[in-house]
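Student: Quick one: the structure is below, questions incoming.
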Amino acid sequence: MQSNSIEKEDFDLATCFEKGAEGCYKQVGEGYFDGYSHFSIHEEMLKDRVRTETYERAIMTCPALLKDKIVLDVGCGTGILSIFAARAGAKHVYAVDNANIVHQAREIIEANGFKDKITVIQGKVENVTLPVQQVDVIISEWMGYFLLYESMLDTVLFARDKWLSPEGQLFPDRAAMYIASLEDEEYRGEKVDFWDNVYDVDMSCVKKQVLHEPLVDTFDSRLVNSNACCILDIDLKTVTIEQLQFANQYSLKVSKKDTVHALASWFDTFFSFTDQGPLTLSTSPFETTTHWKQVVFYLEKPLPVYEGDSLHGSIAVKKNT
Ligand code: SAH
């Protein structure tokens with residue numbers, strides 16, 4: 001039995017997701033809301049049935065929490081979650097988004113007969129004025145790759161602190177991140193060792209940068225060769241923006257004689273309060289794939305391991321300035 005230590009700190013998430021990920025998530029900084037103004041990114045999210053149906057189930061199975069309540073939808077997009085809340089009997093829904101998709105949201109809401117129940121407000125949540133002092137419920141689909149990329153949770157916490165009544169409810173109300181080790185020789189070959197010999201040209205200097213960037217992708221869950229360790233577990237009712245930057249230890253137990261090429265991470269969000277018991281929206285490799293996929297951090301060198309080995313390390317997550 002051996003004990004290994006892996007330090008995975010200072011991965012450059014911003015660089016990764018700007019260049020490496022698909023679709024409109026490429027839009028960061030100034031272009032962030034331009035990305036969300038086009039229907040294509042909303043199409044991708046709406047077609048993610050795991051995502052959208054879990055929200056729908058959570059909202060529709062809590063009549064007591066929503067009936068005759070004032071709801072704020074933080075980042076309403078097409079207005080889908082606002083419409084679910086209105087269908088669940090909300091007294092009024094304030095649907096806020098800064099992207100131009102709000103023009104469509106207004107039409108969608110009117111076409112579906114909810115014009116009197118849902119008010120769409122265009123603007124940054126941090127800047128808008130609501131016609132009410134308090135709301136009973138905040139619904140939001142704020143999760144980014146690696147849970148925290150995009151930092152939209154900051155916006156939800158801002159709204160919570162400004163408008164949510166003390167006994168109010170957040171949908172979802174809890175989130176957790178996990179890490180596990182991964183055998184990934186084939187993909188590592190395609191993405192990393194590829195640079196060793198490109199048409200007989202040595203481009204191996206590029207490998208350093210490749211290894212520095214996490215990769216957003218799916219993998220076969222059979223390649224996971226350890227248990228999963230929770231690296232963050234947050235109660236959205238109480239977590240602070242400062243706590244979203246963290247450095248935590250992890251400890252993994254290797255499940256078979258194998259090689260570790262990478263650490264993989266994913267997240268779950270929870271609706272712990274529904275009438276049918278807790279509901280989980282999971283992006284685990286062991287569950288149906290979502291548009292968030294998983295995030296893979298390659299080790300500099302593959303690490304041979306035996307069943308029962310312990311892998312210890314630390315992971316630090318901080319915002320890109
Ligand atoms: N609720 C919709 C869209 C989720 S995507 C759905 O579930 O399908 C997140 C949305 O939040 C995007 O449309 C984005 O423009 C919006 N958003 C992100 N940060 C925001 C902010 N600070 N103020 C207003 N809208 C924001």
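Student: Just a yes or no: is a residue in segment 197-206 open to solvent by less than 70 Å² (accessible area, probe 1.4 Å), modelled with pLDDT of 95 or more, within 19 Å of the chain's Cα centre (by Cα) and among the small types (Gly, Ala, Ser)?
Tutor: No, there is no match, as no residue in segment 197-206 is open to solvent by less than 70 Å² (accessible area, probe 1.4 Å), modelled with pLDDT of 95 or more, within 19 Å of the chain's Cα centre (by Cα) and among the small types (Gly, Ala, Ser).
Residue-by-condition table, conditions (1) farther than 22 Å from Arg160 by Cβ; (2) more than 8 Å from the ligand (Cβ to nearest atom):
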position: Arg57; (1), (2): yes, yes
position: Ile70; (1), (2): no, yes
position: His92; (1), (2): no, yes
position: Ala99; (1), (2): no, no
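Student: Does at least one position in segment 207-214 carry a residue that is part of a strand (DSSP E or B), within 17 Å of Pro302 (Cα to Cα) and out of contact with any Cys (no Cβ under 6 Å at 6 or more places or on another chain)?
Tutor: No, that holds for no residue.
Student: Restricting attention to segment 240-257, which residues are under 16 Å from the mean Cα position of the chain (by Cα) and in a loop (DSSP other than H, G, I, E, B)?
Tutor: Residues satisfying the conditions are Ile241, Gln245.
Student: Restricting to segment 148-184, give me the number of residues that are open to solvent by less than 30 Å² (accessible area, probe 1.4 Å), within 13 Å of the ligand (Cβ to nearest atom) and among the polar types (S, T, N, Q).
Tutor: Going through segment 148-184 one residue at a time, the tally reaches 1.
Student: Also, I was wondering about something else. Select from segment 72-90 the residues that are within 9 Å of the ligand (Cβ to nearest atom), over 17 Å from Lys124 (Cβ atoms) and assigned to a loop (DSSP other than H, G, I, E, B) and list them in ascending order.
Tutor: Hits for segment 72-90 are Thr78, Gly79.
Student: Residues in segment 115-147 that are open to solvent by 70 Å² or more (accessible area, probe 1.4 Å), over 17 Å from Leu164 (Cβ atoms) and touching a Phe, Trp or Tyr at 6+ places or on another chain (Cβ under 9 Å): how many?
Tutor: The qualifying residues number 1.
Student: Still on this structure, please answer the following. How many residues does segment 111-134 hold that are within 22 Å of Lys69 (Cβ to Cβ) and more than 16 Å from the ligand (Cβ to nearest atom)?
Tutor: Matching residues across segment 111-134 total 8.
Student: Does Val224 meet the test of being open to solvent by less than 20 Å² (accessible area, probe 1.4 Å) and either farther than 28 Å from Lys162 by Cα or not β-branched (Val, Ile, Thr) (or both)?
Tutor: Yes: the conditions hold for Val224.
Student: Follow-up question, since we're still on this one. Restricting to segment 259-301, and then to whatever is open to solvent by 10 Å² or more (accessible area, probe 1.4 Å), β-branched (Val, Ile, Thr) and in a strand (DSSP E or B), can you tell me which residue is nearest to Pro63 (Cα to Cα)?
Tutor: Thr280
Student: Right, here's the next one. Could you give every pair whose Cβ atoms fall below 9 Å, whose first residue belongs to segment 139-168 and is closer than 26 Å to Ala316 by Cβ and of a type in the set (D, E, K, R), and whose second residue is more than 12 Å from the ligand (Cβ to nearest atom) and in a helix (DSSP H, G or I), counting only separations of at least 6 or pairs across chains?
Tutor: Qualifying pairs under 9 Å: Glu150/Phe17; Asp154/Leu244.
Student: Could I ask something else about it? Could you tell me whether Glu190 is within 27 Å of Val254 (Cβ to Cβ), open to solvent by 70 Å² or more (accessible area, probe 1.4 Å) and of a type in the set (D, E, K, R)?
Tutor: Yes.
The values are calculated or read from the model by the stated rules, or taken from the named source; none is laboratory data. Every value quoted in this text rests on a predicted model; they were computed, and no experiment measured them. Glycine also receives a Cβ, built like all others from the backbone with ideal geometry; neighbour counts cover every protein chain displayed. Side chains are part of the model used for accessible areas, which takes the heavy atoms of the whole protein and leaves out ligands, DNA and RNA. Shrake-Rupley method; radii C 1.70, N 1.55, O 1.52, S 1.80 Å.
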